[in-house]
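Report on the structure given below.
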Amino acid sequence: METEKIPTGFTYLGRNFSDLNLNDNSSSAFSDCNSDRSGEFSSATSESRRKLWLSCASAADDFSDEIIPHLVSDLESSSVDDQKQAAMEIRLLAKNKPENRLKIARAGAIKPLISLLNSSDLQLQEYGVTAILNLSLCDENKDHITSSGAIKPLVRALKIGTSTARENAACALLRLSQVDENKSLIGRSGAIPALVDLLENGGIRAKKDASTALYSLCSVKENKIRAVEAGIMKPLIELMADFGSHMVDKSAFVLSLLVSLPEARSALVDEEGIPVLVEIVEVGSHRQKEIAAAILLQLCEDSVVYRTMVAREGAIPPLVALSQSGTSRAKRKAETLIELLRQPRSGNAAARDT
């Protein structure tokens, strides 16, 4: 399996992306992936139980040791309501007390939770997905979750679930993809097109979750190819062009992984990505300028045609400015790209490149 080193210096969800292998105490880095939603407790009785379980999450260990087996048993109840209540309470215990995540897994909860992911009841599926997500925050549970067959049901929820289930399925797949051996398995299970769809059509939280998962998964070449074939370039370019989307950095870093592929470079040009990248070099933040220059450099290194297109978009003046005011790394990239763009573009070379 071919993987690439993740570029350093990209902070997302409060964590630098050079360190995707977060330990169990770092779950707050993915706090946007939690499951709390208003209105999910349908009665005063359920609300009282919610308060009970939240207090239990901080109570003595022996209480959780006593109650967890009962909740696991209820996951296999013939009553859908009992299953929902058990999954919801397991989710809360796993969310608020990290040591409970391992206890719940050891009590046998993972397989019955996975079975909920295939339920036709979308709320039950959502509770199951979110419980699996919270259990996956424990590194020791990741192999158990994967070996128990969670990936395909998570992909199913990613495709057809509620908006919350889709977001949390993306987060769970991200967590599982932090084990390198799982990246290809997740890609082969159909996750990439579903994540691209979430990136294009989901809300802002969904877009963030999808981009984060895609960034992790696309360190593997076969997943890059899947992403390009799924049409990822269009939403990436659109998000990069919209400075109000708060997705410029995230989209650019995903693109930076893909642009090593010839088919990705071709798709970038077809989707009018060059003007967008040049604009980012001109008016983006310091980090945005640097990553856009890096992408343009990869695009131009082996293509006279692309160099001509970039130069005609007026890239040289903002690159000169970046070479004078950017970080040392940004300056080097800008200077290298300027040299390429100023090289003579002979007709024969351009003909060979088309």
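Being assigned to a helix (DSSP H, G or I), more than 12 Å from the chain's Cα centre (by Cα), of a type outside the set (Ser, Thr, Tyr) and modelled with pLDDT under 95 is the requirement here; does Gly244 meet it? Taking the combined requirement at face value, the residue satisfies it. Taking each residue of the range 253-277 that is on the phi > 0 side of the Ramachandran plot and looking for partners that are among the hydrophobic types (A, V, I, L, M, F, W, C) and at pLDDT 95 or above with beta-carbon atoms closer than 9 Å, six or more apart or interchain, yields Glu272/Ile237; Glu272/Ala241.
Glu229 falls short on exactly one of the conditions (1) within 17 Å of Val196 (Cα to Cα); (2) of a type in the set (D, E, K, R); (3) at pLDDT below 95, and that condition is (3). Taking the criterion of being touching a Cys at 6+ places or on another chain (Cβ under 7 Å) and either farther than 28 Å from Asp180 by Cβ or buried (at least 23 other Cβ atoms within 10 Å of the Cβ) (or both), would at least one residue in the range 229-251 satisfy it? The answer is no, given that none of the residues of the range 229-251 is touching a Cys at 6+ places or on another chain (Cβ under 7 Å) and either farther than 28 Å from Asp180 by Cβ or buried (at least 23 other Cβ atoms within 10 Å of the Cβ) (or both). Scanning the range 322-339 for residues that are within 17 Å of Val278 (Cβ to Cβ) and either in contact with a strand residue (DSSP E or B) (Cβ under 7 Å, 6 or more places away or on another chain) or not in a helix (DSSP H, G or I) (or both) yields a single hit, Gly326.
The residue pairs whose first member lies in the range 203-228 and is free of Cβ contacts under 8 Å to residues at least 12 places away in the same chain, whose second member is open to solvent by less than 10 Å² (accessible area, probe 1.4 Å) and in a helix (DSSP H, G or I), and whose beta carbons are closer than 8 Å, counting only pairs six or more residues apart or on different chains, do not exist in this structure. Filtered by the rule that a residue be buried (at least 19 other Cβ atoms within 10 Å of the Cβ), more than 15 Å from the chain's Cα centre (by Cα) and in a helix (DSSP H, G or I), the range 132-145 gives Ile132, Asn134, Leu135, Asn141, Lys142, Ile145.
Per-residue answers, yes or no, for (1) under 27 Å from Ser77 (Cα atoms); (2) surrounded by fewer than 18 Cβ atoms within 10 Å (Cβ to Cβ); (3) out of contact with any helix residue (DSSP H, G or I) (no Cβ under 6 Å at 6 or more places or on another chain):
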{"residue": "Asn118", "(1), (2), (3)": "yes, yes, no"}
{"residue": "Leu122", "(1), (2), (3)": "yes, yes, yes"}
{"residue": "Arg166", "(1), (2), (3)": "yes, no, no"}
{"residue": "Leu176", "(1), (2), (3)": "no, no, no"}
{"residue": "Val179", "(1), (2), (3)": "no, yes, no"}
{"residue": "Asn182", "(1), (2), (3)": "no, no, no"}
{"residue": "Gly187", "(1), (2), (3)": "no, no, no"}
{"residue": "Val196", "(1), (2), (3)": "no, no, yes"}
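Taken over the range 151-164, the criterion of being open to solvent by 40 Å² or more (accessible area, probe 1.4 Å) and of a type in the set (A, V, I, L, M, F, W, C) is satisfied by Ile160 alone. For the range 106-131, the tally of residues that are among the polar types (S, T, N, Q) and either modelled with pLDDT under 95 or outside any helix (DSSP H, G or I) (or both) stands at 3. In the range 305-321, of all residues being outside any loop (DSSP other than H, G, I, E, B) and open to solvent by less than 20 Å² (accessible area, probe 1.4 Å), the one that is nearest to Leu268 (Cα to Cα) corresponds to Val310. For the range 146-181, a tally of residues being in contact (Cβ under 8 Å) with a residue 40 or more places away in the chain, in a helix (DSSP H, G or I) and more than 12 Å from Ala213 (Cβ to Cβ) returns 7.
The values are calculated or read from the model by the stated rules, or taken from the named source; none is laboratory data. Treat the numbers as computed from the prediction; the structure is a model and nothing was measured. Virtual Cβ from ideal backbone geometry, glycine too; neighbours counted across all protein chains shown. Heavy atoms of the whole protein, side chains included, go into the accessibility calculation; ligands, DNA and RNA do not. Shrake-Rupley method; radii C 1.70, N 1.55, O 1.52, S 1.80 Å.
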